Amino acid sequence: MENCIFCKIIDQEIPSYKVYEDEKVYAFLDISQATKGHTLVVPKQHVTDIFDYDEELAADVFARIPKIARALEKAFPEMEGLNILNNNKELAYQSVFHSHVHLVPRYSKKDDFSIHFGNHAEQQKPEEMQAIADKIKEQVK
Ligand code: AMP
Ligand code: ZN
């Protein structure tokens, strides 16, 4: 897609530090390097976000993630964990609107990276939890 920075990277119009490529995906170092080896895996097909994927493309992309994860682990034996993230839409911190998966190797609790899951379990009654689940379930096609 025109004016998409990641399409330009895939097409080699913009340089990148490539770590893997095949007919379906392109993987390269995230320029921010939140931690050493922070890598982005992107489908070669331009899709904006997760809402744009069909099952086949989702399978194609996720199928490549474990081998890139294992490559990171082998490349950096000091790695002790790995966060895998996918941001969708601006509110959820998406800043490049060509879908991508972040692989963020973790080395220490002091890494310049964090995720906070608030815990609101105490505020939810079982019937409210059931209503939420039912509402979603009705929409899964
Ligand atoms: P997100 O905020 O989830 O959309 O992630 C977009 C990521 O793309 C950010 O972490 C940026 O550091 C990264 N990024 C933006 N431009 C480039 C680039 N030219 N090469 C590598 N990474 C990039
Ligand atoms: Zn694109």
Which far-off residues, 5 or more places away or on another chain, put their amide H under 5 Å from the one on residue 81, with H placed in the peptide plane?
106
Carbon and sulfur atoms account, in whole percent of the 1.4 Å probe accessible area of the chain, for 55
Give a residue-ordered list of calculated ³J(HN,Hα) values for region 4-9 (Karplus: 6.51 cos²θ - 1.76 cosθ + 1.60, θ = phi - 60°; whole Hz; x for Gly, Pro).
9, 4, 6, 4, 5, 5
Sort largest first and round to whole Å: the equivalent ellipsoid semi-axes of the chain, each the square root of five times a Cα gyration tensor eigenvalue.
29, 22, 14
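As an exercise, use a Förster radius of 30 Å and the Cβ-Cβ distance of residue 89 and residue 23 to find the FRET efficiency, rounded to the nearest 0.05.
In this case the efficiency is close to 0.60.
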Working note, region 63-141: Cα radius of gyration (Å, one decimal) and Dmax (Å, whole number) are 17.5, 48
With R₀ set to 22 angstrom, the calculated FRET efficiency between the beta-carbons of residue 130 and residue 50, to the nearest 0.05, is 0.30
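Contact order normalised by length for the chain, with contacts defined as Cα pairs under 8 Å and 6 or more residues apart; what percent is it? Numbers along the way, then the final one.
Details: 167 pairs, mean separation 33.3, N = 141.
24 percent.
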Ellipticity estimate at 222 nm from DSSP helix runs (n ≥ 4, -39,500 (n - 2.57)) divided over the chain, nearest 500:
-9500 deg cm²/dmol
Would you please give the residues with an amide H less than 5 Å from that of residue 25, counting only those at least 5 places away or on a separate chain, with H modeled from the backbone geometry?
44
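Per 0.36 nm of contour for each residue apart, how much would the distance between residue 123 and residue 70 grow if the chain were fully extended, relative to their Cα-Cα spacing?
15.2 nm
Enumerate by residue number the trypsin sites (Lys or Arg not before Pro) in region 62-136 meeting two conditions: DSSP loop (anything except H, G, I, E, B), and at most 15 other Cβ atoms within 10 Å of the site's Cβ.
89, 109, 110
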Region 6-105 - accessible surface per residue (Å², probe 1.4 Å)
57
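The values are calculated or read from the model by the stated rules, or taken from the named source; none is laboratory data. In this text, all values refer to a predicted model and were calculated from it rather than measured experimentally. With ideal geometry, Cβ positions are generated from the backbone for all residues, glycine too; neighbour counts draw on all protein chains shown. Surface areas here come from the heavy atoms of the whole protein model, side chains and all, with no ligands, DNA or RNA. Shrake-Rupley method; radii C 1.70, N 1.55, O 1.52, S 1.80 Å.
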